[in-house]
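Accompanying notes for the structure given below.
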Amino acid sequence: MDLELLTIGTELLLGFTVDTNGAEIARALAAIGVRVARRTSVGDTPDAIRDAVRDALSRTGAVLTTGGLGPTRDDMSKTVVAELYGMPLDFDPTIWQELVARFARLGRTPAASNRGQAEVPRGAIVLPNRWGTAPGLWFEGPPGLVIMLPGVPGEMRKLVEHEVVPRLAARSQGGVIRSRVVRTTGIPESTLAERLGEIERDVAPLTLAYLPGFDGVDLRLSAWGLPPDDADARLAAGAGLLRERAGAFAYGEGEDDLAAIVLERARAARLRLGTAESCTGGLVGGRLTAIPGSSDVFMGGVICYSNELKTSLLGVDPELIAADGAVSESVARAMAVGAVRRLGVDLAVSVTGIAGPGGGSEAKPVGTVWLAIADGAAVEARRIQIPGDRHNVRVRAAQGALALLDRRLGER
């Protein structure tokens with residue numbers, strides 16, 4: 001079954017409110033095999049709502065709307081859709097009494113405008129809203145299927161779970177829409193695509209999407225309309241193939257956090273970790289300490305933004321800085337070695353770079369970052385070039401440092 005989503009509210013178009021409802025509804029419907037074919041947002045005007053609903057019904061025959069069911073004058077969605085179906089509005093005393101009782105429990109009295117929320121299009125099914133004041137509505141007839149829900153996220157979520165999903169699931173033919181995500185880092189999207197080869201052909205009928213972000217490129221496999229067991233088996237096999245071809249660049253699945261994976265690997269190897277950070281200003285340590293229980297593995301870090309602190313806290317030779325610059329392989333190596341010694345840890349990673357917007361040169365443009373990792377016996381370093389603004393450079397540099405830790409731990 002295909003269905004379109006229509007989110008109603010001028011605040012969405014002005015950018016004052018972010019539409020989180022659409023994503024939540026799409027995930028809930030996919031679990032029962034309903035595909036969201038299109039998402040549209042319109043303002044609180046009758047013509048815009050009428051045209052959007054009519055167009056959606058002409059394409060898929062089914063639309064779910066959120067918003068416009070409140071008591072104020074700009075809440076006109078119900079009236080517009082009722083007119084499309086030729087259904088007059090009838091006052092429902094039962095809904096009104098429930099509304100009055102709800103207000104009484106809150107120590108309030110409903111306003112005259114709230115009476116409009118008790119008006120129901122004749123022939124529509126009321127979806128009881130036990131979590132708010134505006135009930136949902138279910139229209140079905142020659143124009144098609146329209147499901148109307150309030151825009152308040154908490155109310156919408158409960159109505160989807162308890163009223164919408166059970167009704168749509170009863171119509172399902174048993175197919176599901178499911179996805180599985182493999183996470184990669186440290187490799188550009190185009191290079192990753194070349195590495196994966198003819199992967200789309202090899203995982204068919206699954207589909208593959210590349211989702212680049214600050215942390216790397218996520219690879220999302222999706223199964224469409226397959227029986228649950230078949231979908232799960234194909235997704236597991238496809239994810240395995242993606243991880244095999246991505247190699248060391250793949251670090252997890254789903255919502256896996258690279259920092260949590262690093263901590264778990266260090267914990268299993270009984271190693272203590274430390275950091276030495278310049279341009280990232282503590283972002284690496286912040287990522288690690290955001291994970292509960294990290295204190296048994298992560299001992300601490302040194303934020304040495306100035307050259308003087310690199311020398312006094314980490315023991316970096318000032319002549320090294322004078323000769324090669326603070327952003328250099330030699331200084332990154334010295335920072336990592338110094339962190340191992342000064343923090344008394346088994347493994348330390350260092351970051352030094354030019355986050356911008358100024359400070360770059362032809363030899364070392366903005367986005368130049370040196371990473372190094374050291375233990376008691378060896379040290380290695382690598383240079384990465386990160387595009388984007390200051391925030392982008394710093395966040396990706398921190399992810400690069402975690403990736404370097406992860407790969408070193410994976411070699412043990």
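Report the Rg/Rh value for segment 143-227, based on alpha-carbon coordinates and the Kirkwood definition of Rh.
Rg/Rh: 1.13.
Among all the lysines, which ones have a C-alpha under 23 Å from LYS78's C-alpha, if same-chain residues fewer than 8 places away are not counted?
LYS158
Please give the Cα centre distance for segment 128-169 versus segment 175-253, rounded to the nearest Å.
When both Cα centres are located, 33 Å separates them.
Once label points are set 7 Å from the Cα along Cα→Cβ at both THR94 and ALA170, what is their separation, rounded to one decimal in nm?
It is 1.6 nm.
First select every other residue whose beta carbon is under 13 angstrom from the beta carbon of ALA336; then total the charges, Lys and Arg +1, Asp and Glu -1.
Taking every Cβ under 13 Å from that of ALA336, the sum is +1.
Provide GLU189, GLU155 ordered by accessible surface of protein heavy atoms (probe 1.4 Å), highest first.
Largest accessible area first, the list is GLU189, GLU155.
Can you grab the distance from the C-alpha centre of segment 60-102 to the C-alpha centre of segment 25-59, Å, no decimals?
Centre-to-centre (Cα) distance: 17 Å.
Just how much of TYR210 is accessible, in Å², when a 1.4 Å probe is used and the result is rounded to the nearest 10?
For TYR210, the solvent-accessible surface is approximately 50 Å².
Report the semi-axes of the equivalent ellipsoid for segment 17-164 in whole Å, largest first, where each axis is √(5λ) for an eigenvalue λ of the Cα gyration tensor.
24, 18, 14
Using a 1.4 Å probe on the protein chains only, how many percent of the accessible area of the chain belongs to carbon and sulfur?
Solvent-exposed carbon and sulfur of the chain make up 52 percent of the total.
Beta carbons within 10 angstrom, averaged per residue: use that to sort the peptides 58-64, 107-113, highest first.
Descending mean neighbour count gives 58-64, 107-113.
Please report the accessible area of TRP224 (heavy atoms, 1.4 Å probe, ligands and nucleic acids excluded) in Å², nearest 10.
For TRP224, solvent-accessible area is about 110 Å².
If the cut-off is a Cα-Cα distance under 17 Å, which aspartates and glutamates reach LYS310, setting aside same-chain residues fewer than 8 apart in sequence?
Those aspartates and glutamates meeting the cut-off are GLU277, GLU319, ASP324, GLU329.
Grab the eigenvalues of the alpha-carbon gyration tensor for the chain, scale each by 5, take roots, and send me the semi-axes largest first in whole angstrom.
The answer is 54, 25, 19 Å, longest axis first.
How many Å² of accessible area per residue for the chain, probe 1.4 Å?
I get 46 Å² per residue for this part.
Arrange the residues PHE214, PHE298 by how much accessible surface each exposes, largest first, with a 1.4 angstrom probe.
The ordering from most to least exposed comes out as PHE214, PHE298.
With r as the distance between the Cβ atoms of ARG27 and GLU83 and R0 = 25 Å, compute the FRET efficiency 1/(1 + (r/R0)^6) and round to 0.05.
Result of the calculation: an efficiency of 0.20.
Please compute the contact order of the chain in relative form: average sequence separation of alpha-carbon pairs under 8 Å and at least six residues apart, divided by the residue count, as a percent.
After rounding, I find 11 percent.
Once amide H atoms are placed 1.01 Å from N in the peptide plane, what residues at a sequence separation of 5 or more from GLU253, or on another chain, have their amide H within under 5 Å of its amide H?
Counting only residues 5 or more places away or on other chains, the set is ARG183.
With both partners inside the chain, how many of the DSSP beta bridges are antiparallel, as a percent to the nearest 5?
60 percent
Compare LYS310, LYS158, LYS78, LYS364 by solvent-accessible area with a 1.4 Å probe and give them largest first, with all protein chains kept in place.
LYS158, LYS364, LYS78, LYS310
Convert each backbone phi in segment 266-271 into a coupling constant with the Karplus relation 6.51 cos²θ - 1.76 cosθ + 1.60 (shift: θ = phi - 60°), then list the ³J(HN,Hα) values in order as whole Hz, x for Gly and Pro.
Coupling constants for segment 266-271: 5, 4, 5, 8, 6, 10 Hz.
The values are calculated or read from the model by the stated rules, or taken from the named source; none is laboratory data. Every value quoted in this text rests on a predicted model; they were computed, and no experiment measured them. Positions of Cβ are generated from backbone atoms using ideal geometry, with glycine treated the same way; all protein chains shown enter the neighbour counts. To get the accessible areas, we keep the full protein, side chains included, count just its heavy atoms, and leave off ligands, DNA and RNA. Shrake-Rupley method; radii C 1.70, N 1.55, O 1.52, S 1.80 Å.
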